[in-house]
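S.K.: Starting off with a structure, shown below.
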Amino acid sequence: MQTVIAPEISTWPEPNPSLIGSRCTSCDAVVFPIQEQCPRCSRLTMTDEILPRRGTLVAWTTQGFLPGAPYLGTETPKTFTPFGVGLVQLGDIVRVEARLTENDPGRLTFGMQVELTMVPLATDSAGDEILTFAFRPIDETGSAA
């Protein structure tokens, strides 16, 4: 069985899940993850906003060391595999910091198109796989690279 680390931030288990952010009905600011209060105007007028599944990679790096608490991964310093982390512009709506499925900085480019996917993060005590969201590169034809 599979579950997600934070069910409130995506439409998973839909076949093609999207992230869920918040839009302020007073000033139109959009944020991710969901917030109750607008960071721009401070009003409590936020509504859920389904974010685009595809976006543009605007910055990236590689996480080359085991994250500290509260990281849920089950790796040890010996078994840890570096992973990519990127800043993804979703349309003209919002930028999201996220894990990338590609961890080789040489294979990532400014302006590269990426698409939301769900990836395994850990296994819970019941043996269920815990998923998190990530973005994967897509090629010129629109397919996952």
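Just so it is clear, none of the values below were taken in a lab; they were calculated from the coordinates. Bear in mind the structure is a predicted one, so any value in this text is a computation, not a measurement. Positions of Cβ are generated from backbone atoms using ideal geometry, with glycine treated the same way; all protein chains shown enter the neighbour counts.
S.K.: Does segment 5-20 contain at least one residue that is of a type in the set (A, V, I, L, M, F, W, C) and over 16 Å from L121 (Cβ atoms)? Show your work before the answer.
M.R.: To start, the set of residues in segment 5-20 that are of a type in the set (A, V, I, L, M, F, W, C) comprises 5-6, 9, 12, 19-20.
In the following step, the residues that additionally are over 16 Å from L121 (Cβ atoms) were identified as 20.
Yes - at least one qualifying residue is present in segment 5-20.
S.K.: If I filter segment 72-84 for residues that are on the phi > 0 side of the Ramachandran plot, exposed (fewer than 15 other Cβ atoms within 10 Å of the Cβ), of a type in the set (S, T, N, Q) and more than 18 Å from the chain's Cα centre (by Cα), do I get at least one hit?
M.R.: Quick first cut of segment 72-84, residues on the phi > 0 side of the Ramachandran plot only: none.
No: zero hits.
S.K.: In segment 84-121, what residues are more than 21 Å from D48 (Cα to Cα) and among the small types (G, A, S)?
M.R.: G84, G86, G106, G111
S.K.: Step by step: first the residues of segment 1-49, then only those that are surrounded by fewer than 13 Cβ atoms within 10 Å (Cβ to Cβ) and of a type in the set (V, I, T), then the one that is farthest from G73 (Cα to Cα). Which residue is that?
M.R.: Filtering first and then ranking leaves T25.
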